[in-house]
Amino acid sequence: MFSFIATGKTFIKDSSIYTSLAASAFVLLCFNPFLLWDVGFQLSYLAVTGIVISQKHIYNWFCFNNKIMSKIWALASVSLAAQVFTLPVCLYYFHQMPLLFLISNLIAIPLATIILCGCIFLTFVSPLHLIALYTGKVLSSIIWILNHAVLFINSLPFSLWNGVSISVSETFLLYIIFISLLYSLIKKNGMAFKVGICFSLAFASIIALKRWHFSQQQKMVVYNIPSHKAIDFIHGNAYYFLGDSDLAENSLLQTFNLKPARVSLMANKKTDDSFLFQHDNYYQLYGKTVLMIDSAINYVPPPEKINVDYIILSKNPTLFIPRLAKVFNCGTYIFDASNPLWKIDKWKKDCEELHLHFHSVPEQGAFVTDL
């Protein structure tokens with residue numbers, strides 16, 4: 001990106017920076033078209049585009065006679081310009097907004113500039129072993145300082161506003177709002193301000209309606225986590241987790257596998273099983289019955305079949321679907337990701353022969369249903 005901008009300004013006096021940006025994106029996409037869906041690609045071009053379009057205008061909002069304050073405001077204006085154009089995408093992908101980005105960028109931008117220049121210098125002096133060695137050590141130290149400074153700011157109270165869930169259409173709506181309001185501030189355009197306010201009201205109404213809808217939800221989610229049993233029973237904004245203890249204690253696995261679904265469903269309150277009736281391996285809620293089988297059990301066929309809505313087979317139990325079918329009238333058999341695929345294939349064949357409805361989580365993805 002910067003190579004194209006530098007080349008354009010060097011050889012073409014009246015070159016447009018937007019043309020240079022478009023040309024660099026075109027070359028990258030010719031090399032790998034799937035970069036268009038890469039989050040880093042999207043954020044990089046959005047940030048640079050935002051800086052090019054609005055940084056100078058934002059910087060001119062305030063004037064400081066003090067040179068230090070002027071430099072600080074220059075860095076802050078770069079951060080604000082980049083944040084305006086990247087925030088909707090960050091909310092969509094990462095479900096969070098950094099609240100202390102101005103502080104972190106006051107540290108990150110200067111250090112990142114030093115690191116970039118230092119790496120270019122290191123490339124040229126790499127044949128000189130002693131100079132390259134100490135340059136590399138200095139750069140490693142600066143990178144360490146940068147990373148730990150950002151991590152420290154991230155650990156401060158109220159550094160993040162997380163748990164935000166927006167759809168693709170809501171992301172585009174945010175861009176309309178931000179661009180309209182920014183244009184109205186830059187050009188002093190009243191119509192753009194009115195458009196931004198109208199779309200803001202529409203966005204707020206959509207979010208309020210979505211929050212009300214999720215506050216009434218009653219769902220069961222069987223997650224697709226290889227070698228793990230993981231199930232959420234969701235009531236409104238509360239969830240009850242049923243699964244492996246190591247998964248419940250591993251924050252990294254939870255963040256990667258469970259948190260995105262809970263954020264998208266606005267289930268942000270962990271609760272006990274107060275809305276769930278449990279007896280042995282049976283779970284009953286909202287008139288639905290769920291049977292959890294995670295060990296070898298030999299059921300004796302009763303005089304009359306037992307009605308259950310869902311049977312979840314987990315942890316590779318030794319059992320046979322035809323025998324289960326003689327005991328239960330089941331709406332759907334669910335094979336979770338803790339079972340081996342060869343066992344699931346066998347169960348699937350048995351279900352197909354008996355015309356039973358089933359769902360294979362490793363092959364079809366997580367099972368999500370309303371209760």
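The values are calculated or read from the model by the stated rules, or taken from the named source; none is laboratory data. As the structure is a computational prediction, the values presented were derived from the model and not from experiment. In this analysis, Cβ positions are derived from the backbone assuming ideal geometry, glycine residues included, and neighbour counts consider all displayed protein chains. Ligands, DNA and RNA are excluded from the accessible area calculation, which covers all protein heavy atoms including side chains. Shrake-Rupley method; radii C 1.70, N 1.55, O 1.52, S 1.80 Å.
Using helices alone, I'd like the mean residue ellipticity at 222 nm for the chain: each DSSP H run of four-plus residues gives -39500 (n - 2.57), total over residue count, nearest 500.
About -18500 deg cm²/dmol.
Basic side chains Lys and Arg get +1 at the Cβ, acidic Asp and Glu get -1 at the Cβ, and with that the dipole of the stretch 233-371 about its Cα centre reaches some 100 debye.
With every protein chain in place and a 1.4 angstrom probe, the accessible-area ranking of ILE176, ILE293, ILE12, largest first, reads ILE12, ILE176, ILE293. Sorted from longest to shortest, the spans of the Cα atoms of the stretch 63-129 along the three principal axes equal 45, 40, 16 Å.
The slack in the chain from LYS71 to THR7, taken as 0.36 nm per residue of separation less the alpha-carbon distance, amounts to 20.3 nm.
The charge dipole of the chain, taken about the Cα centre with unit charges on the Cβ atoms of Lys, Arg (+1) and Asp, Glu (-1), comes to about 1380 debye, rounded to the nearest 20. As a calculated quantity, the FRET efficiency between LEU128 and SER205 at R0 = 56 Å, using C-beta atoms, amounts to about 0.30. If you filter the stretch 277-332 for trypsin sites (Lys or Arg not before Pro), then keep DSSP loop positions with at most 16 other Cβ within 10 Å, what is left? Here the sparse-neighbourhood loop sites are LYS305, LYS315.
Tell me the net charge near ALA337. Cut-off is 15 Å between Cβ atoms, ALA337 excluded, with +1 for each Lys or Arg and -1 for each Asp or Glu. Here the count lands on -3. Across the chain, the relative contact order, built from alpha-carbon pairs under 8 Å that are at least six residues apart, equals 11 percent. Excluding CYS63 itself, calculate the net charge of residues whose Cβ lies under 14 Å from the Cβ of CYS63, where each Lys or Arg counts +1 and each Asp or Glu counts -1. Summing Lys/Arg as +1 and Asp/Glu as -1 gives +3. Could you let me know the centre-to-centre spacing of the stretch 157-201 and the stretch 1-43, using Cα atoms, in angstrom? Taking the Cα centre of each part, the stretch 157-201 and the stretch 1-43 sit 26 Å apart. Once label points are set 7 Å from the Cα along Cα→Cβ at both PHE277 and THR171, what is their separation, rounded to one decimal in nm? About 4.3 nm separates the two model spin labels. Return the tail of the calculated pair distribution for the chain, meaning the percent of Cα-Cα pairs more than 35 Å apart. When all Cα pairs of the chain are counted, 47 percent exceed 35 Å.
Placing R0 at 41 angstrom, the Cβ-Cβ distance between HIS355 and SER264 gives a FRET efficiency of 0.75 after rounding to 0.05. Residues of the stretch 321-359 falling in the label zone of LYS305, defined by backbone nitrogen less than 12 Å from a point 7 Å along Cα to beta-carbon, are 322-332, 354-357. The solvent-accessible area of THR10, taken with every protein chain present and a 1.4 Å probe, is close to 100 Å². As a ratio to 2.2 N^0.38 Å, the alpha-carbon radius of gyration computed for the stretch 41-82 takes the value 1.23. Each Lys or Arg adds one and each Asp or Glu takes one away; over the other residues whose Cβ falls under 12 Å from the Cβ of GLU363, this sums to -1.
When peptides 257-270, 125-138 are ranked by their average number of other Cβ atoms within 10 Å per residue, the highest-first order is 257-270, 125-138.
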